[in-house]
Each structure stands twice: as structure tokens, then as C-alpha cells.
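The structure appears right after this line, and notes come after that.
The values are calculated or read from the model by the stated rules, or taken from the named source; none is laboratory data. Keep in mind that this is a model prediction, so the values were computed, not measured. Here the Cβ positions follow ideal geometry from the backbone for every residue, glycine too, while neighbour counts run over all protein chains shown.
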Amino acid sequence: MISVFSPLWKGENAVAIGFRNLATFFKSKNALIEENQILRDKLASSELTNVSLQTISDAENSLLVNFGRASTNKLIASAVLVHPPQTPYDSLIVDAGAVDGVSLDAVVSLPEGPKIGTVIEVFNKSARVKLYSSNGEKTNAVLERSNVPVSLLGRGGGNFEIALPRDVAVEVGDKILSGSLAPTIIGVVGDIEMKPTDSFKKIMVRSVANIYTMRFVVITP
């Protein structure tokens with residue numbers, strides 16, 4: 001009896017295995033379809049984000065155009081050849097010069113965006129940059145916390161000083177922004193000094209740039 005029904009049992013077993021394999025195939029196919037849909041959703045989300053960012057950029061450019069200040073987006077990437085303490089007075093020597101389109105008074109920024117100084121001397125293939133933190137250098141800026149215009153006084157070594165009326169709110173860690181239509185961070189409040197009898201308080205600000213180790217800058221001609 002066993003030998004008679006064995007082929008039939010084997011056939012039924014093969015059919016069952018086939019159904020299981022088929023079910024596994026459809027399950028895998030469905031999982032693959034589901035994964036593809038997730039990837040498509042992520043791609044659509046990414047594209048939407050890019051469109052949103054472009055819209056923000058377009059809106060900013062539109063505002064600048066209305067003020068007659070359209071952005072040209074012409075930037076010159078440059079390596080820092082020499083920096084403090086090899087150079088005096090918080091200055092840099094960069095490897096871009098007149099042949100690259102660098103001009104006097106061009107704004108110099110970190111690749112991440114923060115403005116750090118201006119070009120004060122241009123050579124054929126290099127230029128000298130004076131940092132805002134140079135001793136005695138004055139830079140118009142804004143205290144982000146209260147949107148109060150301030151004058152940064154360079155103290156050297158990547159440091160600044162601000163004098164503020166005692167009743168102006170300011171705390172350690174507050175950001176100091178450039179006073180431009182598209183502001184970027186210049187420094188961060190590091191210390192606050194004020195005596196009980198003083199009408200003003202002295203604010204010590206640290207530059208966001210490490211002037212002793214920076215390797216690259218961006219120049220806006």
C-alpha cells in the first residue's frame with residue numbers, strides 16, 4: 001500500500017511546495033513594490049525640498065532686485081597661504097589675485113557663509129585680507145537677540161569688543177550678525193563685563209572663524 005500511494009503523496013507534496021514557493025514569490029514581489037513606492041515617496045519629498053529651497057532663494061533674489069541689489073552669485077574660492085601668527089594684525093594671504101578677478105574691498109567669507117574680512121591688497125596671483133577682528137578695526141553689525149545695531153571693535157586674535165547700554169538685553173552665546181540684507185554670523189558673545197556704577201557694559205565677542213587654522217575662504221568680488 002505504501003508503494004502504491006507514494007507517487008501520489010509525492011505529487012501532492014510537490015504541489016504544496018509549489019504553492020508555498022508561489023506565495024513566497026508574490027510576497028517578495030509585493031515587498032519589492034512596497035520598497036519601490038517608499039523610494040519614490042522619498043525622492044518626491046527630496047525634490048519638493050529642493051523646490052522649496054529654490055523658491056526661498058528666488059524670493060530673496062526678488063527682494064534684492066526690488067532694492068536694486070540683485071545677487072550675481074560670483075564667488076572666488078581660495079586657499080589660505082599664510083595666517084596668524086605668521087601674519088601680523090589678524091590678516092591672511094590667499095592664493096587668488098587680480099588674474100582671478102579679486103578686487104580691493106572684496107568681501108571674504110568662510111565657505112560655510114560667515115563674513116570674516118575684506119581684501120586690502122591685491123597682487124597678480126594672491127591677495128592680503130584684513131580680518132574684521134584686526135585690532136582697531138570697526139565693523140557695523142547687529143545683535144541678533146534684540147536686533148540692535150552695534151559697532152564691533154577688533155581686538156586681535158579673533159576677538160571683538162562691543163559697548164552697549166546696561167539695559168540692553170544680552171547673554172553669553174548670543175549671535176552677532178553682519179549688517180547686510182542677507183546677514184550671516186560674525187561672532188558669538190563670550191563674556192559680559194559691567195560694574196554696578198557703569199552706564200555701559202563691555203561685551204567680549206569671539207569670531208566664528210579660527211584664524212589660526214583656516215584653510216579655505218570664499219571671495220565676493
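Look through the stretch 170-190, keep the residues that are outside any loop (DSSP other than H, G, I, E, B) and under 15 Å from the mean Cα position of the chain (by Cα), and return whichever of them is farthest from residue 113 (Cα to Cα).
Among those residues, the one meeting the criterion is 175.
Any idea which residue in the stretch 120-173 is modelled with the highest pLDDT, counting only those that are touching a Lys or Arg at 6+ places or on another chain (Cβ under 7 Å) and of a type in the set (Val, Ile, Thr)?
Selected residue: 120.
For the stretch 118-138, indicate whether the set of residues that are without any contact (Cβ under 8 Å) to a residue 12 or more places away in the chain, more than 23 Å from the chain's Cα centre (by Cα) and outside any strand (DSSP E or B) is non-empty.
Just the residues of the stretch 118-138 that are without any contact (Cβ under 8 Å) to a residue 12 or more places away in the chain, to begin with: none.
The answer is no; no qualifying residue exists.
Could you list all residues from the stretch 86-115 that are without any contact (Cβ under 8 Å) to a residue 60 or more places away in the chain, among the small types (Gly, Ala, Ser) and over 22 Å from residue 176 (Cβ atoms)?
Listed by number, the residues that qualify are 97, 98.
Identify the single condition in (1) free of Cβ contacts under 8 Å to residues at least 40 places away in the same chain; (2) out of contact with any Lys or Arg (no Cβ under 7 Å at 6 or more places or on another chain) that residue 192 does not satisfy, given that it satisfies every other one.
(2)
Among the numbered criteria (1) touching a strand residue (DSSP E or B) at 6+ places or on another chain (Cβ under 6 Å); (2) under 30 Å from residue 197 (Cα atoms), which single criterion is violated by residue 146?
It is condition (1) that residue 146 fails.
One line per residue, one yes/no per condition, for (1) closer than 22 Å to residue 131 by Cβ; (2) crowded, with 18+ Cβ neighbours inside 10 Å; (3) among the aliphatic types (A, V, I, L, M):
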{"position": "163", "(1), (2), (3)": "yes, no, yes"}
{"position": "169", "(1), (2), (3)": "no, no, yes"}
{"position": "172", "(1), (2), (3)": "no, no, yes"}
{"position": "190", "(1), (2), (3)": "yes, no, no"}
{"position": "196", "(1), (2), (3)": "no, no, no"}
{"position": "201", "(1), (2), (3)": "no, no, no"}
{"position": "205", "(1), (2), (3)": "yes, yes, yes"}
